[in-house]
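Have a look at the structure below, then the notes.
Please treat every number below as a calculation from the coordinates, not as lab data. Quick caveat, the model's predicted, so the values are computed rather than measured. A quick note on method: Cβ atoms are made from the backbone with ideal geometry, for glycine too, and the neighbour counts reach across all protein chains shown.
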Amino acid sequence: MVLLIAASAVLVTYSQAPPSKAAVSASLTAPGERHLRNVRQLTFGGTNAEAYFSADDKQLIFMHQGEGVPCDQMYTMPVDTPDGKPAVPKMVSTGKGRTTCGYFFPAGDRILFSSTHEASAECPPRPDYSHGYVWPIYSSYQIYTAKPDGSDLRRLTNSPGSYNAESTISRDGKKIIFTSTRGGDLDIYTMNADGSDVRQLTHELGYDGGAFFSNNGKKIVYRSEQPKTPEQIADYKDLLSRGLIRPGNLEIWVMDADGSHKRQVTHNGAANFAPYFFPDGKRIIFASNLGNQKDPSGFDLYSITIDGTDLEQITFHPDFDAFPMFSDDGKRLVWASNRNGKAPHETNIFIADWVE
């Protein structure tokens, strides 16, 4: 989802500050990160997050906010370059409003993202933090597709006044999964790649989102926060009416592609989010503040089997690590991290070889 790590406007180019040393460095790993090898930093400066591979693993799409870009816009860049130097990302969204949740269509001929640009060219207002740490649920978000260069922009959703975001697409290119408030709550829906045949998959009170299909398209992993007590329910409904949610206890869930057989995977009471299947569909990698719930940046990556066993911590850096995604063959992992930042709260994209 819309983890508000930053605030977005028009910028045609992306200013990459050159790395002080080689892009690949052992100093980019922390002790204990045995699954990560040849870690390479891909962006340098600003806030960069939610980087996802194209199906051929050659490109990344991600959101960036930084100098001249006051709230998130969508960018793409090649994973590797002929000279080994960091690539210069290219903006592929309109440069207006705020965008989130970019994704490539499997065929590589189009991209998918959400944007508020039709409602206003300006950044939407920041959330009211008098309610504590909250995430904004902008009702101006609609889902769009475009060619990989940002041209031929087409709107897929048409539900004015409701949040439509967190969209990804199945590997066969047939089904888009997304989160929407069109039914009065934050639920997960699917639709065909052209926006037709919208179907609701979750119906429980609470937030359901951040969903991804398994590689074979048979299962869905997502995060959910379901208030139980009268006080929790009242707080959730009050915040939602203000376009906010409080991500205090998000658990990881899986379900079948048609919404059946829902089952909870984590039961730790922490804020668990950004889940993604391993290529074989037997494990999930996700971000959690399980080890440090008092620190807003205390998120690390963990893995767990889909039956909820064999929890393993993957990253150990004291700063924020989240938004993991495997390449199609499972040999590389891309994620966002505050490590090696040159300014407070700077978040960059990193890639590593995955070692079992």
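Using +1 at the C-beta of Lys and Arg and -1 at the C-beta of Asp and Glu, which of 188, 167, 305 has the Cα lying farthest in the positive direction of the dipole of the range 159-305? The residue sitting most towards the positive pole is 305. Shape descriptor for the chain: Rg over Rh equals 0.93 (Cα atoms; Rh from the Kirkwood inverse mean 1/r). The ranking of 131, 117, 267 by Cβ neighbour count inside 10 Å, starting from the fewest, reads 267, 131, 117.
In terms of surrounding Cβ atoms within a 10 Å radius of their Cβ, 64, 261, 35 rank from fewest to most as 261, 35, 64.
Applying a 4.7 Å cutoff between beta carbons, the unpaired cysteines of the chain are 101.
Charging the Cβ of each Asp and Glu at -1 and of each Lys and Arg at +1, and nothing else, the dipole of the chain about its Cα centre rounds to 340 debye. For residue 282, the lysines whose Cα falls under 30 Å of its own Cα, not counting residues fewer than eight places away in the same chain, are 58, 174, 175, 218, 219, 228, 262, 331. For the chain, the mean residue ellipticity at 222 nm estimated from helices alone is -1000 deg cm²/dmol, where every DSSP H run of n ≥ 4 contributes -39500 (n - 2.57) and the total is divided by all residues, rounded to the nearest 500.
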